[in-house]
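These notes concern the structure reproduced below.
The values are calculated or read from the model by the stated rules, or taken from the named source; none is laboratory data. This structure is a prediction, so every number in the text was calculated from the model and none was measured. Using ideal geometry, Cβ is built from the backbone for each residue, glycine included, and neighbour counts are taken over all protein chains shown. All accessible areas refer to the heavy atoms of the entire protein, side chains included, with ligands and DNA or RNA removed. Shrake-Rupley method; radii C 1.70, N 1.55, O 1.52, S 1.80 Å.
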Amino acid sequence: MELIATDVQGLVQEPVVTMFQIDATKVGEGLLCFSPTSNNGVPIKFGGVEYPPLPIAADGFKWTGDGTLPRPTLTLAARDLMFLSMVVNSGDLVGCPVLRLRTYAKYLDDGRTPNPQAMFRPENYVIERKSSQKRTLLQFELSVKMDQQGIMLPARQALRDTCTHRFRYWANGQW
């Protein structure tokens with residue numbers, strides 16, 4: 001993390017490489033790893049994990065301070081019917097965690113200075129729904145883990161605009 005903080009402040013910026021992991025183990029498919037970039041057509045490697053190139057458009061990951069949480073979209077090219085049928089047969093991957101990793105190209109396993117610890121803060125999302133499906137294109141809407149419908153904190157339900165805790169009470173004539 002310190003290396004990335006130092007590199008971000010430099011005058012010359014290295015190319016940033018984005019990688020995605022979809023944990024589809026709960027639907028019986030394992031870990032799906034991919035990246036929109038490649039190393040001259042060869043899958044990139046980071047931390048010993050191989051990320052094959054896949055045409056992908058990812059947008060909406062910007063965090064703002066206006067109170068709304070990001071709802072990014074992930075648009076994948078379904079190049080083969082096997083991948084498309086896997087998504088359809090596994091319930092459209094709804095509820096599967098998505099991890100977005102970003103690092104500089106020089107920190108990849110085949111980069112100038114390989115370092116699997118040097119990356120931006122990992123971003124965790126969940127596939128909320130499949131928003132579009134065509135023969136060659138899949139689009140998923142992602143949400144932040146804490147922005148899920150019906151989420152329960154340990155032993156308590158999270159309610160909007162309501163505090164269920166008693167933080168002061170009236171006893172013997174005083175608060």
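Brief remarks follow.
- Karplus-derived 3J(HN,Hα), 6.51/-1.76/1.60, for each residue of segment 8-15, Hz, glycine and proline x: 5, 8, x, 6, 9, 9, 6, x
- Of Asp161, Asp66, Asp80, the one that fluctuates the most in a GNM where the chain has Cα springs shorter than 10 Å: Asp161
- Most fluctuating residue given options Val12, Val94, Val27, as computed from a GNM of the chain linking Cα atoms under 10 Å: Val12
- Cα centroid separation - segment 1-50 against segment 77-121, whole Å: 7 Å
- Charge dipole of the chain about the Cα centre (unit charges at C-beta), most positive-ward option of Leu74, Leu32, Ala118: Leu74
- Taking the helices alone, the chain has a mean residue ellipticity at 222 nm of -2500 deg cm²/dmol, built from -39,500 (n - 2.57) per DSSP H run of at least 4 residues and averaged over all its residues.
- Normalised per residue, the volume of the convex hull around the Cα set of the chain (Å³): 187 Å³
- Estimated translational D of segment 1-100 in µm²/s (Stokes, Kirkwood radius over Cα pairs; 20 °C; 1.002 mPa s): 136 µm²/s
- Residues whose placed amide H lies under 5 Å from that of Gly47, excluding near-sequence neighbours: Asp109
- For the pair Val42 and Phe83, label points projected 7 Å from Cα toward Cβ lie 2.1 nm apart.
- Segment 20-73 - percent of accessible surface contributed by carbon and sulfur, probe 1.4 Å: 52 percent
- Here segment 1-135 is treated with +1 on each Lys and Arg Cβ and -1 on each Asp and Glu Cβ, and its dipole about the Cα centre works out to around 320 debye.
- Taken per residue, the accessible surface of the chain reaches 65 Å², heavy atoms only and a 1.4 Å probe.
- Over 22 Å (Cα to Cα) - which of Lys45/Lys134; Lys26/Lys130; Lys62/Lys106; Lys26/Lys106 fall in this group: Lys45/Lys134; Lys62/Lys106; Lys26/Lys106
- Leading residue at positive end of dipole, the chain (Cβ point charges), from Val17, Gln174, Ala58: Gln174
- Here the Gaussian network model covers the chain, with springs between Cα atoms less than 10 Å apart; of Pro55, Pro15, Pro36, Pro15 fluctuates the most.
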